[in-house]
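Nothing in this text is a laboratory measurement; each read-out follows from the coordinates by a stated rule. Model, not experiment: these values are computed from the prediction. Cβ sites come from the backbone with ideal geometry, for glycine too, and all protein chains shown count toward neighbours.
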Amino acid sequence: MGLNLVGVLGRTNFSAFDWGIVVVYLAISLVIGLTVRKYVKNMTDYVAAGRGLCTALGVATITGTEMGLVTIMYNAEMGFKAGFAAFHIALIACVVTFIVGVTGFFIYKLRAMKVLTIPEFYGRRFGPKVRVLGGIMLTFGGVLNMGLFLRVGSQFIVGVTGMPEQGWALPVVMSSLLALVLVYTILGGMISVVITDYMQFVVLSLGILLGTGLVIHHLGWNNIFQTVANLKGSEGYNPTNPASGFGVEYILWQVFVAGLVGCAIWPTAVARALAADSPRTVKKQFAWASVSYMIRVMVPCFLGICAFVFIMTMAPDLKEQFTPAAEGAKADKTALEAMPVFLGRILPIGLIGVLTAAMIAAFMSTHDSYLLCWSAVITQDIVAPLARNRMSTKARIRLTRVLIVVIGLYILYWGLAYTGSEAIWNYMGVSGGIYYVGAFVLLLAGLYWRRASSTGAVAALLTSCLMVLGLTPVQKAVTALFGWTVNGKAVTFEALAKAHGYTTISNQRVSAWLCLGCAALATVLMVVCSLLFPDKKKIPGDGVASGTPEGEGGAK
Amino acid sequence: MSGWMLLWKIVFVVGVVVFAGITVWVIVAGFRDIKRLLQSIKKSHEEEVQTPTEEG
């Protein structure tokens, strides 16, 4: 990083006063998290907050969890690159979540069964082996998906505060934030998580509403829309145009991923449904949260668009760093870093501290829930069934705590080591697909088709492993293995297609085809295998279609 | 393009206004829910002490 770049990016309004706001906020979060640990007595308390969530608190905790800093960052990146065309994801998320809330699709029956995790549902519907395999697939996809959270979140802090990104700053910020989240999540479990989520919701919502208003005031409402029209043309508005980087197949993928998966299949979202005080509350919770699902995409996208407008028209020094004029020159900064640098420039002292606290709130509320969710799945759905459910409640809670630390250390390592170059949203969609493609088919067939069998379930789960083909390091390994190189180099599928004249192919479109193809294949295999290899005996606890009363789980 | 521009303007304004309303409701009602949550957990623990169950 040259001195000039350090100087350009170091120009931020972030002051000691703002650091004070951030530190006070973090201290309050920690104290609350530690105070409520006395309420944890069993696994239901630790993993599902005693199943006592009412509607408003449910909305707060869903919003806090699903509006993470990584979500804000990758949506801002999307807005910076694609303009208002990226808003289609927000609209889809809102409409699909609302429909899920009104109909109770998946979530109502899962809550009625009183399972603690989705693999526990697999176990009750398809038997213990499917439960363990499903737990492994969920953990693999989920933990891989979470791998870049820490790094991307820390990039925001580094960008907005003007710290140098190379060197000590990023690892130190990553380690500090992780340590903080680990402490209160380990001790308080889901009770800590939902209460800190509430506080994080308050700070986050007020912060982004205030920040958005100020950004519009600074840039001008009409100027934002007009500048995107001038610089990006119709591609900046129309997502059905393949030149926007999206296209119809991408929109269909988003109906599946940002819509159905985001609210009704993704384990951390479903965990809120399972923690609700009744199945009826779940439906209300999701209907109201549909607006949050839209905002979590739309507002960060809008901030990314504003960063684009600011950099391209008002900050010539930054424009040179993000889009250098010289032909063939490589940008020093990526679209991911545009939004924090932009906010650091335009927000005044005090407000930038509040907004940073809000973003850290977003960071923490996501990490705590994810860490708890994956570790609980390993304990409940992999280790406990393999130990033939002989583990006591104390042993389960202890193991879950250990696993929270182990997963935390993994994401610290992965955040520093991963070298993939795809857009973050793409990485998330693909890595999460290892879990959600199989989960979608198992939930759909398991809840709504009586003839679905355990063989079909295994086939569908294994099919979702094909989603790893969406990751750039894997694509390069595949093209190298089959000798599909370009200029002697291993390349991604996108680059390979472009080298063969398919110029409108983008990485997003490759991922969309891959995901939709895998989901279709998994569905076909579930149907065919279930018909060819029906379960010979009824699985104990199967009564899903009518919503049986109590999950086993091995603990209360 | 003007049709898309108008659509995204309406979606943004309506979304932000509704979210602001929900934020106020969640702040007020969510605080009440936290008190209920802690009371219900406490109550269920007291009931467990009276009728202990085997776990694990």
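Quick look at the numbers
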{"read-out": "With Cα atoms, 0 to 90° folded angle of helix A:393-417 axis to chain A main axis", "value": "30 degrees"}
{"read-out": "Cβ neighbours within 10 Å from other chains - mean over B:41-47", "value": "4"}
{"read-out": "Out-of-range pairs (alpha-carbon distance over 28 Å; input A:81/A:498; A:129/B:42; A:284/B:35)", "value": "A:129/B:42"}
{"read-out": "The range A:94-164 and the range A:197-271: distance between their alpha carbon centers, rounded to Å", "value": "21 Å"}
{"read-out": "Fewest-first ranking of A:515, A:529, A:465, using other Cβ atoms within 10 Å as the exposure measure", "value": "A:465, A:529, A:515"}
{"read-out": "Computed helical MRE - 222 nm, chain A, DSSP H runs ≥ 4 contributing -39500 (n - 2.57), nearest 500", "value": "-23000 deg cm²/dmol"}
{"read-out": "Degrees, to the nearest 10: A:351-377 long Cα axis against longest axis of chain A", "value": "30 degrees"}
{"read-out": "Nearest-ten-degree value, helix A:279-313 long axis tilted from longest Cα axis of chain A", "value": "20 degrees"}
{"read-out": "Computed Kirkwood radius, in angstrom, where 1/r is averaged over Cα pairs of the range A:141-251", "value": "18.0 Å"}
{"read-out": "Principal semi-axes in Å for chain A [√(5λ), Cα gyration tensor, largest first]", "value": "37, 29, 21"}
{"read-out": "Shielding by partners - mean other protein chain Cβ count within 10 Å, residues of A:288-299", "value": "4"}
{"read-out": "Nonlocal amide H pairs with residue A:486, under 5 Å, H built at 1.01 Å", "value": "A:491"}
{"read-out": "Ranked list, fewest to most other Cβ atoms within 10 Å of each Cβ, for A:84, A:225", "value": "A:225, A:84"}
{"read-out": "Ordering of A:143-156, A:433-446 by burial proxy (mean other Cβ atoms within 10 Å per residue, highest first)", "value": "A:433-446, A:143-156"}
{"read-out": "Highest to lowest packing among A:56-65, B:18-27, scored as the average C-beta count within 10 Å", "value": "A:56-65, B:18-27"}
